[in-house]
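See below for the structure under consideration.
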Amino acid sequence: MFEIVFLGTSASAPSIERGLPATMLIYRDQRFLVDCGEGTQRQLLRSGLGFKRLDKVLLTHGHLDHILGLGGLVSTFARWEAISQFSIYGGRWALERVRDLMDVVLRGGEPALDISYVEVTPGPIWSDDTMTITAFPVTHRGPGCYGFLFQERTRRPFLAEKAAALGIPAGPERRQLVAGQPVTLPDGRTIHPEQVLGEPVPGTRLAYVGDAGEVSDLVEAVKGADALVIEATYLEAERELAAEYGHITAAQAATLAREAGVHCLFLVHLSRRHSERAVLAEAQPIFPNSIVPRDLDHYRVLRGVCEAVE
């Protein structure tokens, strides 16, 4: 299960209702900030998330509306927050721009903050025992634009009734079997994991795309995702203009969701010219489970389920 909190959902410039791009992805005890537009740290406070355990930022690309908030955030961390190490993931060009920004922010004698710049290339970029983040290329203006696939590992559920029938006591023996290791019981019997584990259950998959100028090259990358987050900066009447500036329309995003067989579509990066109602009116006839989240909206994403958190 993933939780997603939309901190900023506007395109290029903030509006009264929407801030610049930033989204918090929460998985167990891990937090991943995707993009960090101007004003993000205030949104973190307004949302109640705060700054704790926020030590990783993933950048979809290096345009200023997606990175300028890093200046204030890093300055706050360096001065006040109990975070000693901070990792910024992004394409080469994005990291170059962020390094230039940090040269300005940190030249005034702020306390040292260990910043790790991790250059993203297509493929896995972060993992632990339960989840993997994979980067995939996205077509937009400029080099090194990426989307991210957050994927729980496939698991085999522990069948407690079968374990009880085999006389396996609660405790370390069961944990060992869940870990895929056989155990030997006091009566000499050896129990193998296959005897007490169910069929493999795929984990939850969440795909995140920032700005995009094409959708045909994203179908395979986001196929079967339980949730897809992607821009909807333009409407179909402006399709030529969208292509000129390396963006897509709400209809194109909805068509991608339908063709890729995703469960739920979150449309973000909204232009101030278009209302939430207009975007949904274009997307929902193509892909009914389209949602336009507002700033600070909080959702839970599970296998086949996207539900609002009140």
| Just to be sure, is I83 modelled with pLDDT of 95 or more, among the hydrophobic types (A, V, I, L, M, F, W, C) and in the same structural domain as A221 (by TED's automatic domain parsing)? | no
| request: Go through the residues of segment 247-268 one by one and say whether even a single one is among the aromatic types (F, W, Y) and buried (at least 23 other Cβ atoms within 10 Å of the Cβ). | output: yes
| said: I need a count of the residues in segment 173-203 that are assigned to a loop (DSSP other than H, G, I, E, B), in contact with a Leu (Cβ under 9 Å, 6 or more places away or on another chain) and farther than 26 Å from M131 by Cβ. | reply: 3
| query | Among the residues of segment 45-60, is there at least one that is without any contact (Cβ under 8 Å) to a residue 12 or more places away in the chain, aromatic (F, W, Y) and assigned to a loop (DSSP other than H, G, I, E, B)? | reply | no
| Do you know which residues across segment 180-213 are over 30 Å from P21 (Cα atoms), crowded, with 16+ Cβ neighbours inside 10 Å and in contact (Cβ under 8 Å) with a residue 40 or more places away in the chain? | L197
| query | Can you tell which of G198, G210, G180 is touching a His at 6+ places or on another chain (Cβ under 8 Å) and not hydrophobic (A, V, I, L, M, F, W, C)? | reply | G210
| remark: By residue number, the members of segment 5-44 that are part of a loop (DSSP other than H, G, I, E, B) and either within 17 Å of the chain's Cα centre (by Cα) or among the aromatic types (F, W, Y) (or both) are T9, L20, P21, R28, D29, G37
| task | Can you tell me which residue within segment 115-163, out of those that are of a type in the set (D, E, K, R), in a strand (DSSP E or B) and at pLDDT 90 or above, is farthest from P200 (Cα to Cα)? | result | E119
| note | In the set G144, G91, G123, the lone residue that is buried (at least 17 other Cβ atoms within 10 Å of the Cβ), in the same structural domain as G224 (by TED's automatic domain parsing), out of contact with any Pro (no Cβ under 8 Å at 6 or more places or on another chain) and small (G, A, S) is G144
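The values are calculated or read from the model by the stated rules, or taken from the named source; none is laboratory data. Everything numeric here is computed off the predicted structure, so don't read it as measured data. Here Cβ is always computed from backbone atoms with ideal geometry, including for glycine, and neighbour counts include all displayed protein chains.
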